[in-house]
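Shown next, in structure tokens, is the structure this report addresses.
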Amino acid sequence: MRRRRKARELAVKILYQSDITKEDPRDIFGPFWSYKSYPEDIRLFTERLVTGTVENRNTIDSLIEGCSEHWHLDRIGFVERNILRIAVNEFLSMDDIHPSVTIDEAIEIAKRFGTADSAAFINGVLDKIKKKIEEENLIDKDKDSLSRIN
């Protein structure tokens, strides 16, 4: 398994745990890392994903709700919602990752952790969000990667 995919999967687990326990996801890092050891690059990328997702949650959730037809955020399952949040965070704040890679990774993680319909749902929502971001000129078409919003 690729290292970044592993980090994305761990980020989903941390955000899922936060949804269940209502703890700040950043407070989960210590106990989570003490349970099992991971290489530093995986831990750092996981924490970057989780922290960015938490810090940009309002913007991320607004994009998800706006692009998931007939689905309010609270009706989307914990796993699917957190996969979407992580992917949208990548769109918005990680211009070193191509959007198609982000979508592919989210789909693969959904196949592993979600329901039978999760991958198709996530693909559809992320594709709409990517198009919305492009239409609002938040993408640098010359670089073919997303620009930072901030």
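Quick one: net charge around Asp41, please, counting Lys, Arg +1 and Asp, Glu -1 for every other residue with C-beta under 12 Å from its C-beta. It would help to have the intermediate numbers written out before the result.
On the way: positive: Arg2, Arg3, Arg4, Lys6, Arg43, Arg48; negative: Glu40, Glu47.
Here the count lands on +4.
Under the rule that an exposed site lies in a DSSP loop and has at most 13 other Cβ atoms within 10 Å, name the longest stretch of the chain with no GluC sites (Glu not before Pro) of that kind, not counting the sites themselves. Spell out each step's value before the answer.
Working: sites that count: Glu23, Glu69, Glu136.
Result for the longest clean stretch: 70-135.
For a footprinting-style exposure proxy, rank His70, His98 by other Cβ within 10 Å, fewest first.
In order of increasing Cβ crowding within 10 Å: His70, His98.
Counting other beta carbons within 10 Å of each residue's own, what order do Leu92, Leu73 fall into, fewest first? Please list the in-between numbers first.
Working: Leu92 22, Leu73 14.
In increasing order of surrounding Cβ atoms, one gets Leu73, Leu92.
Please give the length that would be gained between Lys111 and Tyr38 if that part of the chain were fully extended, namely 0.36 nm times their separation in residues minus their C-alpha to C-alpha distance (nm, one decimal).
24.0 nm
Which residue fluctuates most in the GNM of the chain (Cα springs below 10 Å): Thr51, Thr21, Thr102?
Ranking Thr51, Thr21, Thr102 by mean-square fluctuation puts Thr21 first.
Tell me which of Asn58, Ser34, Pro99 sits at the most positive position along the dipole axis of the stretch 3-146, charges placed on C-beta atoms (Lys, Arg +1; Asp, Glu -1).
Ser34
Rounded to the nearest 20 debye, what is the charge dipole size of the chain about its Cα centre when +1 sits on each Lys and Arg Cβ and -1 on each Asp and Glu Cβ?
On the way: 25 positive and 28 negative charges, 104 e Å.
Around 500 debye, computed over the chain.
So, in nm, how far is label Thr21 from label Glu135 when the simple model puts each one 7 Å beyond its Cα toward the Cβ?
4.0 nm
Measure up Lys6/Lys130; Lys6/Lys132; Lys22/Lys128; Lys111/Lys131 against 26 Å on the Cα-Cα distance and list the ones that go over.
Cα-Cα > 26 Å for Lys6/Lys132; Lys22/Lys128; rest within.
Relative to the first principal axis of the alpha-carbon coordinates of the chain, what is the inclination of helix 40-55, with its axis defined by its Cα atoms, in degrees from 0 to 90 and to the nearest 10?
With rounding to tens, the tilt is 60 degrees.
Cut-off 10 angstrom, C-alpha nodes, Gaussian network model of the chain. Which of Lys22, Lys111, Lys13 fluctuates the most?
Judging by the Gaussian network model, the answer is Lys22.
Report, in degrees rounded to the nearest 10, the 0 to 90 angle that the Cα long axis of helix 3-21 makes with the longest principal axis of the chain.
Helix 3-21 sits roughly 80 degrees off the main axis of the chain.
Expressed as cubic angstrom per residue, what is the convex hull volume of the alpha carbon set of the stretch 3-146?
Taking the convex hull of the Cα positions in the stretch 3-146, it is 102 Å³ per residue.
Each value in this text was obtained by applying a stated rule to the coordinates, not by laboratory testing. A quick note: this is a predicted structure, and the numbers were derived from the prediction, not measured. Here the Cβ is made from the backbone with ideal geometry for all residues, glycine too, and neighbour counts use every protein chain on show.
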